[in-house]
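Here is the structure we will look at.
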Amino acid sequence: MRRVYSVIFLVSSSALIFEVSLTRLFSIYLSYHFAFMVISIAMLGIGLAGTILAFSSPEKLSESSITRNENRLALYALLAGVSIILNYIISNQIPFDPVKLSWERSQILYVALYCILLSIPFFFTGALIVTAFTLFSKMPERVYCSDLLGAGTGSLAVILLLNAAGPEYAIFSASTICFTGALIAGGRRMKIASLLFILFNLLLIILHPEFIDVRISEYKALPQALKHPEAGHLKTYYSSIARIDTLKSPAVRFAPGLSFKYLDPLPEQIGIAIDGGEITAVTESDDTGKLTFLEYLPSALAYEIGKKDNVLILEPKGGLQALMAEYYKAGNIFKIESNPMLVKVVRDDLREFSGGIFSRDTWSGYGRSKLRSLKFKDQAAQHYDIIDLSLHDTSVTGAFGFSEDYRLTVEAFKEYLDALDTNGILSVSMYLLPPPRNEFRLLTTVITSLEEIGQRDISKNLIAIRSWDSITILIKRAFFSEHEIEKLKLFSVSRRFDLLHYPGIKKEATNIYIRQPSDEYYNDFQSIIRPETRGSFIKSYLFDIAPVYDENPFFHYYLKLNNTKAIYNVMGRNILYFLDNGYLLPVILAIVSILSLIMILIPATLKIRLKKFRRLELFTLLYFAAIGLGFMFFEVTLIQKNILPLENPVYSAAVVLTTILISSGGGSILSSRYSKLSSPYTQLIICCLIFLYSLIHPLLLNFILPYSLLMKSAIISVLLAIPGFFMGIPFPMGIKLLGQKERGLIPWAWAINAFLSVLAPVLTIMLAVAVGFKIVLWAGVLAYLLAFISFRRLSKE
């Protein structure tokens with residue numbers, strides 16, 4: 001049995017490594033949106049295994065021959081390893097490109113092809129586990145424990161692998177781990193085959209690495225920039241968070257909103273592409289005479305009118321805003337960048353070119369977390385004259401639909417304002433993307449934060465200007481003075497920037513240099529700023545521009561369902577806009593629903609319907625569906641909610657998955673030793689714990705933010721381990737009950753559980769966008785409550 005548990009542990013670990021690696025690959029060669037499909041793809045394959053095995057006669061599976069059973073499990077491990085490599089290489093050749101959806105509707109079929117093809121390795125993983133459950137239905141807790149411990153270990157190991165090399169190498173490592181499992185559990189022939197495939201993996205990487213190179217969409221920014229004849233790729237860097245490419249190209253000309261009054265050439269710049277998409281730049285700073293272009297950027301306004309003894313730059317990316325602070329001779333300049341790999345590249349490899357812009361007073365992490373950090377407060381300033389937040393990395397395409405952004409919520413702006421000195425300025429700059437929505441949501445969110453800290457006459461706390469392609473908004477807790485307003489006017493006139501708002505502005509002072517047929521920016525800004533018109537304007541506006549909170553931090557999601565047709569017409573009848581900005585969620589849900597119905601639920605239920613559909617089958621369906629839905633609602637929500645304290649999605653996924661899976665494994669194994677744990681009331685305990693967690697999480701966030709990343713991870717792990725422990729009990733408890741009543745229902749129960757787990761990740765995000773993460777957790781409470789009722793009825797059948 002040790003070999004059985006070992007192969008389950010290794011293959012489950014491999015599956016998690018493959019799953020997380022796919023999220024990184026999808027982010028690189030498609031976009032962040034498609035990474036949401038990966039959990040559904042995994043559960044699709046795992047559920048299909050239950051469906052196929054539901055048609056196998058359980059009488060053919062016997063515990064009497066351990067050797068034969070080990071060979072069967074070893075074969076599944078071998079096939080999982082082979083399919084990981086084969087299907088990765090094939091999927092990398094699929095000509096799917098989301099941009100082409102605008103003119104090739106057939107591209108949507110490639111999404112389904114991705115789902116089917118990449119689900120095959122998970123099919124063999126599921127086949128191995130469900131076979132083990134069926135074979136050893138008297139001890140399902142140990143099988144489940146091996147599965148969960150393996151998956152939890154894999155979620156940690158993948159971070160190390162992704163930091164060491166690209167995700168394609170992590171995928172080959174996952175394949176090799178499967179072959180190792182087959183080597184341990186298989187007979188002589190299986191061992192020889194496993195060794196040959198391990199050798200094949202090594203030779204493929206060494207001799208033909210081009211077979212595993214990641215294909216990036218030709219329409220992403222990096223391939224487009226490299227198409228120029230004079231362009232050249234410099235180097236590629238990998239981490240668990242991002243892929244970074246440095247390049248030189250005429251297309252790299254990073255000076256957001258540069259005034260038309262500036263006529264000289266820009267200094268040399270080296271482009272930095274993140275995940276093949278967003279491109280920022282590092283600017284050569286040797287010749288200060290070439291840096292006068294900085295005075296002609298809208299974001300220079302804060303430095304022209306305010307004090308600058310202590311300046312904090314949030315999200316400096318390639319360092320342009322930090323360079324601006326140095327150019328204006330700011331006293332102390334502190335920088336916080338959320339991408340640690342980007343800091344490392346600029347600080348180390350581009351140190352001389354950048355003038356050592358990140359060599360001092362630079363931290364990695366979320367600005368919000370660092371502002372609360374005790375260690376950061378000791379090393380940096382307590383309050384700032386200028387906090388400079390550049391959002392030029394998030395608004396070029398507007399294609400961020402349902403990505404969470406905790407930097408731009410009401411709570412975030414309250415923290416930024418709290419960190420300002422008495423007369424300090426918060427400067428926020430972003431690209432303009434017609435029709436207006438980014439800037440309007442920014443304005444409503446900022447205004448809400450000001451009102452929540454006690455400001456009443458908001459019009460006196462804001463000034464705003466726009467250039468031909470960007471906008472800069474300055475915010476203060478105090479009122480802007482007449483002296484500052486005069487400096488604002490002089491700055492705007494000399495650079496030919498249009499004024500949008502300042503205290504006491506008149507309409508004739510706007511829309512002068514970059515003229516619009518109707519001065520919609522001025523009119524709409526005033527409608528939002530005035531309390532008496534704000535509510536009706538937000539309600540009637542074409543897009544959703546309401547302020548966002550930490551509870552649903554989807555700043556870049558602007559769609560209103562009732563305005564779908566009008567938005568479609570305004571956006572040039574272009575379906576790509578909808579797919580990029582949130583409507584991809586229901587598309588993915590429809591695709592995975594259809595596939596899972598065809599591949600999992602209908603065939604598995606057909607098997608049952610060939611016999612009389614009894615109450616036993618009904619309560620089996622309800623029980624395993626409920627615990628599948630409840631488990632995933634909790635898991636996916638907690639991954640999203642802990643992005644803020646753990647400062648990036650990958651760390652959040654690693655901590656949450658490792659904790660929940662390993663603690664669930666512990667709960668599973670202990671329930672086999674202490675029979676009182678295997679009680680229907682376990683589901684009620686889970687309900688109470690999830691409900692309690694939904695209430696205390698905001699308080700927990702305030703408590704842990706000041707601590708180090710290691711301490712925050714430890715606190716979150718301890719608190720998640722408690723519900724995780726109990727969540728590991730219901731599934732093996734149900735399997736054991738079915739083993740006593742009708743063992744042939746075990747694969748079907750597995751398929752039902754997987755079917756709901758396929759839908760749950762996408763449903764979680766859709767519900768969070770609509771009503772917030774707290775409601776998703778409450779839906780998980782209802783799911784476990786249904787599981788409690790179903791199990792009691794199932795026990796009596």
Of the residues in region 182-191, those that are open to solvent by less than 80 Å² (accessible area, probe 1.4 Å) and in a helix (DSSP H, G or I) come to Ala182, Leu183, Ile184, Ala185, Met190, Lys191
With (1) touching a helix residue (DSSP H, G or I) at 6+ places or on another chain (Cβ under 6 Å); (2) not in a helix (DSSP H, G or I) as the list, and Ile198 as the residue in question, which single condition is left unmet? (2)
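Restricting region 251-286 to residues that are among the β-branched types (Val, Ile, Thr) and assigned to a strand (DSSP E or B), which is nearest to Tyr327 (Cα to Cα)? Please lay out each step first, then the result.
Kept after step one, since they are among the β-branched types (Val, Ile, Thr), are these residues of region 251-286: 252, 270, 272, 274, 279-280, 282-283.
Those still in the list that are assigned to a strand (DSSP E or B) too: 270, 272, 274, 279-280, 282-283.
Working: Ile270: 19, Ile272: 22, Ile274: 26, Ile279: 23, Thr280: 19, Val282: 15, Thr283: 12 Å.
Checked region 251-286; the qualifying residue nearest to Tyr327 (Cα to Cα) is Thr283.
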Among the residues in region 269-288, are any small (Gly, Ala, Ser) and open to solvent by 10 Å² or more (accessible area, probe 1.4 Å)? yes
Determine the pairs where a residue that is more than 16 Å from Val636 (Cα to Cα) and open to solvent by less than 30 Å² (accessible area, probe 1.4 Å), located within region 717-729, has a partner that is among the aliphatic types (A, V, I, L, M) and at pLDDT below 90 with Cβ atoms under 6 Å apart, the partner being 6 or more residues away or on another chain. Ile729/Leu677
Select from region 523-545 the residues that are assigned to a loop (DSSP other than H, G, I, E, B) and aliphatic (A, V, I, L, M) and list them in ascending order. Leu542, Ile545
Would you say Gly81 is at pLDDT below 80 and on the phi < 0 side of the Ramachandran plot? no
Being open to solvent by 10 Å² or more (accessible area, probe 1.4 Å) and under 21 Å from Ser338 (Cβ atoms) is true for just one of Ile669, Ile639, Ile643, Ile662. Which residue is that? Ile639
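Output yes when any residue across region 99-120 is at pLDDT 85 or above, open to solvent by 10 Å² or more (accessible area, probe 1.4 Å), in a helix (DSSP H, G or I) and within 21 Å of Ile198 (Cα to Cα), and no when none is.
First, the residues of region 99-120 that are at pLDDT 85 or above: 117-120.
Filter again for open to solvent by 10 Å² or more (accessible area, probe 1.4 Å), leaving 117, 120.
Then keep just the ones that are in a helix (DSSP H, G or I); that gives 117, 120.
Filter once more, so that each one left must be within 21 Å of Ile198 (Cα to Cα): 120.
Checked against the condition, which is being at pLDDT 85 or above, open to solvent by 10 Å² or more (accessible area, probe 1.4 Å), in a helix (DSSP H, G or I) and within 21 Å of Ile198 (Cα to Cα), region 99-120 yields at least one hit.
Any chance you could count how many residues in region 632-676 are among the aromatic types (Phe, Trp, Tyr) and more than 19 Å from the chain's Cα centre (by Cα)? Quick ask: steps written out before the conclusion?
Step one: of region 632-676, the residues among the aromatic types (Phe, Trp, Tyr) are 633-634, 651, 674.
Adding the requirement that they be more than 19 Å from the chain's Cα centre (by Cα) leaves 674.
Of the residues in that region, 1 qualify.
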List the strands (runs of 3 or more DSSP E) inside region 290-364, counting only whole elements, that have at least 1 residues being aliphatic (A, V, I, L, M) and open to solvent by 10 Å² or more (accessible area, probe 1.4 Å). 332-337
The one condition in (1) more than 24 Å from the chain's Cα centre (by Cα); (2) farther than 14 Å from Gly81 by Cα that Asn163 fails to fulfil: (1)
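The values are calculated or read from the model by the stated rules, or taken from the named source; none is laboratory data. Note that this is a predicted model, so its numbers are computed, not measured. Counting neighbours? That spans all protein chains shown, and the Cβs are built from the backbone with ideal geometry, glycine included. What goes into the accessible areas is simple: the full protein's heavy atoms, side chains included, and nothing from ligands, DNA or RNA. Shrake-Rupley method; radii C 1.70, N 1.55, O 1.52, S 1.80 Å.
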